[in-house]
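What follows is a single structure, written as structure tokens, with notes after it.
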Amino acid sequence: FPTRRSSDLDKPFKFIRISLFGVSTIEEIQEKIFFELYASILNKKGVKVITGLLIGVLKKVGSISFLGLDFNNIFNNNDDIKTAIMELNNYENIILCFDDIDRKSSNLNLAEVYGFINDLVENKRAKVILIANEDTLMQECNDYNKDSYSILREKVIGISFPFKSDISKIINSLISSYEGDYEEFLTAHSSYIVEMVENKGNNLRNLIFFFEHFKKIFLETKNIISAETNNLEGIKESILSDILKFSLPICFEYKLGKLTNDNIKLLKDYYSDSFFRIKDFIK
């Protein structure tokens, strides 16, 4: 974090979050910064619609404002936009938070990203926060050079704070957002759910996806059991538990893109001898 000039000390910081998820070029990052800054400065209703139109304009002219484009000629009839444009070049009072760095496109080299960020800090005096899974970044770099990530990190990163989330506490909090039998069932199986999530890299996005979709499976299963003439109430908990242990891994595989139409026949065949009827659930 570069220090601020004395003339800027009384000015409030603008906090801008930029997600690098799927970003494949430095130009895309520059566009994201510009439009987030523009929206925060103008701060008027409907600004997102306007910025959507501006993206098309910028791509046609091939540049963006703080890289030298003269917006005074393009937007000479809009004083609000011209005022916002003039403020955009001043990074002194801006905190840029780059999130999802480890989820950027593989086409964008990490060294390019860090070089761009280093330029923002050293030459534009921007204040920058980086949020990422460093294990993923390290693996990406080490695929090319064993020590390359350490070198990049030493040149760009000032202070690091490890973030260790309490997965068990978070999962139990997510479970408590549900009600009735479904919450009770998830609570009873929370230790298994926590174990599975930890084994899959603590991906809570996938777990939220699972909770929402498994609720439908849970309720439908209860209906099938209640309607079954062979009276399955005595083993209802065992059936629900087995379906949970079937569905959660399948959900993770699906979210990872590993579950395809070709897998469905294998699943049907594998569970054909199970005491619950897979055909009732596969649809």
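The values are calculated or read from the model by the stated rules, or taken from the named source; none is laboratory data. These numbers come from a predicted model, not from an experiment. Backbone-built Cβ (ideal geometry, glycine too); neighbour counts: all protein chains shown. Calculation scope for accessible area: heavy atoms of the full protein, side chains included, ligands and nucleic acids excluded. Shrake-Rupley method; radii C 1.70, N 1.55, O 1.52, S 1.80 Å.
Observations on the model:
- Of all the criteria given as (1) farther than 28 Å from Ile117 by Cα; (2) part of a helix (DSSP H, G or I), the one not satisfied by Arg205 is (1).
- When the residues of region 70-125 are filtered to those that are among the hydrophobic types (A, V, I, L, M, F, W, C), more than 16 Å from Ile33 (Cβ to Cβ) and at pLDDT 85 or above, the one that is surrounded by the fewest Cβ atoms within 10 Å (Cβ to Cβ) is Ala111.
- Cβ pairs under 7 Å, 6+ apart, first in region 209-232 and touching a residue at least 40 places away in the same chain (Cβ under 8 Å), second open to solvent by 40 Å² or more (accessible area, probe 1.4 Å): Phe209/Lys255; Ile217/Phe281
- Of residues in region 88-110 being hydrophobic (A, V, I, L, M, F, W, C) and assigned to a strand (DSSP E or B), the one farthest from the chain's Cα centre (by Cα): Ile94
- Some residue of region 134-145 being in contact with an Asp or Glu (Cβ under 6 Å, 6 or more places away or on another chain) and open to solvent by less than 70 Å² (accessible area, probe 1.4 Å): yes
- Only one of the numbered conditions (1) part of a helix (DSSP H, G or I); (2) of a type outside the set (Val, Ile, Thr); (3) within 29 Å of the chain's Cα centre (by Cα) is not met by Ser238, and that is (3).
- Taking the criterion of being outside any helix (DSSP H, G or I) and surrounded by 15 or more Cβ atoms within 10 Å (Cβ to Cβ), the residues of region 146-202 that qualify are Tyr178, His189, Lys200, Asn202.
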